[in-house]
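K.L.:
There's a structure below that I have some questions on.
The values are calculated or read from the model by the stated rules, or taken from the named source; none is laboratory data. Not measured: the values here are computed from a predicted model. Reconstructed Cβ throughout: ideal geometry from the backbone, glycine too, with neighbour counts over all protein chains shown. Keep in mind that these areas ignore ligands, DNA and RNA; they rest on the heavy atoms of the full protein, side chains included. Shrake-Rupley method; radii C 1.70, N 1.55, O 1.52, S 1.80 Å.
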Amino acid sequence: MVSCLRLLALTSLLCIASGARPLSSISWSGDATSSAIPTAQRDFDYFMFVRQWAGSFCSTHACPLVPNRGFHFTIHGLWPNYSNGSWPQFCTPEDKFDEDQLEDLMDDLEVEWPSVYDSDETFWEHEWSKHGTCALDIFPSEHSYFGHILKLHWRYDLSAALRRADIVPSRTSVYRTKDLIAAIEDMYGARPLVHCGRKRQLSEIWMCLDKDLKAFDCDTSQEGNACQEVVIPPFKSRLDVDQLSSKDEEERDGVQ
Ligand SMILES: *[C@@H]1O[C@H](CO)[C@@H](O)[C@H](O)[C@H]1NC(C)=O
Ligand SMILES: *[C@@H]1O[C@H](CO)[C@@H](O)[C@H](O)[C@H]1NC(C)=O
């Protein structure tokens, strides 16, 4: 979550700094920081492949759309980046998100790419408009973008790599971040970035992919809010969260 907020803050700075064109004719649903990027800026350098550990966010939120699959990372997105630290976004506004194009992928998307809040469609629409439309040279259609990302997600299986190093969700264990990085590097030959949020909870793992979709070492010097240690809270199913809140109520009732 922290990285999203930072991203928003950064984006608005960039928009202001570059005197981005006003959004006179185009309006993005609720995203005031967005701006149309000229086609020429679409030529990016690499992808950031972002997966999230929903167990952290969902330890305090109901997350009704996230299926409980145990130790199972879900997709956040595949983002085109420039090697200078900035990135293109919202490149092809005329390419509107159309869920009908994803019909045959829908079952997999609901499991592998659920939204932790909002609706799945809102989440996918955002990822497509903001990032997917900047990668049309590699993925010429929405179906190609989402379909390939699913395959990448299975190819670079994060929980398999971590499990092999005995790193699994736990209420009590604290892991060294460098051990997570090493486990993924051992399996896939490339260093990822590990992000954490409040209380050192693992939030996301970012992998860097070249334009042939091969993983390479991320530039760790760009890592701002790295934790030395992380915890990986077990995923709570909706049922658990309901029980949690009714237990809280009982406790409150007891006090009254
Ligand atoms: C980064 O590189 C891109 C593509 O060459 C360019 O459009 C952008 O202005 C650069 N940004 C910065 C902050 O240097
Ligand atoms: C890559 O781009 C995303 C936005 O699409 C941004 O959040 C991220 O910080 C960028 N990564 C790097 C290492 O510059």
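K.L.:
Answer yes if at least one residue in region 119-136 is of a type outside the set (Phe, Trp, Tyr), open to solvent by 70 Å² or more (accessible area, probe 1.4 Å), at pLDDT 95 or above and more than 14 Å from the chain's Cα centre (by Cα), and no otherwise. Give the derivation first.
P.N.:
If we filter region 119-136 for residues that are of a type outside the set (Phe, Trp, Tyr), which is where we start, we get 119-122, 125-127, 129-136.
From the residues that got through so far, the ones that are open to solvent by 70 Å² or more (accessible area, probe 1.4 Å) too are 121.
With at pLDDT 95 or above added as a condition, the list becomes 121.
Add one more test, that the residue is more than 14 Å from the chain's Cα centre (by Cα), and what stays is 121.
Yes, region 119-136 contains at least one residue that is of a type outside the set (Phe, Trp, Tyr), open to solvent by 70 Å² or more (accessible area, probe 1.4 Å), at pLDDT 95 or above and more than 14 Å from the chain's Cα centre (by Cα).
K.L.:
Regarding Leu102, is this residue farther than 25 Å from Ser203 by Cα, away from ligand 2 (no atom under 16 Å from the Cβ) and among the hydrophobic types (A, V, I, L, M, F, W, C)? Spell out how you get there, then give the answer.
P.N.:
Details: farther than 25 Å from Ser203 by Cα: yes; away from ligand 2 (no atom under 16 Å from the Cβ): yes; among the hydrophobic types (A, V, I, L, M, F, W, C): yes.
Yes, satisfied.
K.L.:
Please determine whether any residue of region 87-96 is within 16 Å of ligand 1 (Cβ to nearest atom), open to solvent by 30 Å² or more (accessible area, probe 1.4 Å) and not in a strand (DSSP E or B).
P.N.:
Within region 87-96 (the criterion being within 16 Å of ligand 1 (Cβ to nearest atom), open to solvent by 30 Å² or more (accessible area, probe 1.4 Å) and not in a strand (DSSP E or B)), the answer is yes, since at least one residue qualifies.
K.L.:
Find the residue count for region 82-92, including only residues that are in contact with a Leu (Cβ under 9 Å, 6 or more places away or on another chain) and more than 8 Å from ligand 2 (Cβ to nearest atom).
P.N.:
2
K.L.:
Being touching a strand residue (DSSP E or B) at 6+ places or on another chain (Cβ under 8 Å) and outside any helix (DSSP H, G or I) is the filter here; which residues of region 139-164 pass it?
P.N.:
Result: Tyr156, single match.
K.L.:
I would also like to ask the following. All but one of (1) within 16 Å of ligand 2 (Cβ to nearest atom); (2) part of a loop (DSSP other than H, G, I, E, B); (3) of a type in the set (A, V, I, L, M, F, W, C) hold for Trp79; state the number of the condition that does not hold.
P.N.:
(2)
K.L.:
Going through region 189-235 one residue at a time, which ones are surrounded by fewer than 21 Cβ atoms within 10 Å (Cβ to Cβ) and of a type in the set (Val, Ile, Thr)?
P.N.:
If the condition is that a residue be surrounded by fewer than 21 Cβ atoms within 10 Å (Cβ to Cβ) and of a type in the set (Val, Ile, Thr), then Thr220, Val231 are the ones that fit.
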